[in-house]
1. Once you charge only the Cβ atoms, +1 for Lys and Arg and -1 for Asp and Glu, what is the size of the charge dipole of segment 9-55 about its Cα centre, to the nearest 20 debye?
2. Taking a temperature of 37 °C and a viscosity of 0.692 mPa s, what whole-number D in µm²/s does Stokes-Einstein yield for segment 9-55 with Rh from Kirkwood over alpha carbon pairs?
3. Using each residue's phi in segment 36-45, evaluate 6.51 cos²θ - 1.76 cosθ + 1.60 at θ = phi - 60° and report the 3J(HN,Hα) Karplus result to the nearest Hz, with x for Gly and Pro.
4. Would you mind computing, in nm to one decimal, how far apart the modelled labels at ARG39 and SER8 are, each placed 7 Å from Cα along Cα→Cβ?
5. Once Lys and Arg get +1 and Asp and Glu get -1 on their Cβ, which of ALA26, THR48, LEU38 lies farthest toward the positive end of the dipole of segment 9-55?
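What follows draws every value from the coordinates through simple rules; no lab data is involved. Keep in mind that what you see is a predicted model, and the values were worked out from it rather than measured. As a convention, Cβ positions derive from the backbone with ideal geometry for all residues, glycine included, and neighbour counts pool all protein chains shown.
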Amino acid sequence: MTQKHEPSPLEEQIAENLQRAYRQRAEEEVPDRFRDLLRMLKEQDQQTGSDKSRSGEPRNANR
């Protein structure tokens, strides 16, 4: 039989602080350098995908 663990006040405080820290981090803007990198990767993927589709290979073919 599984017993339910009651967190101590200290464990609850730690959990709340971690949740707050991660929530704040998740709400931050993505830095421009990462946006630029994602844009470049998408463009590269589109170019590679169109080249492969013209050659008859499936776009996501594993080699």
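1. 360 debye
2. D, rounded to a whole number, is 235 µm²/s.
3. Couplings: 4, 4, 4, 4, 5, 5, 5, 4, 4, 5 Hz.
4. 5.1 nm
5. About the Cα centre, the residue reaching furthest to the positive side is THR48.
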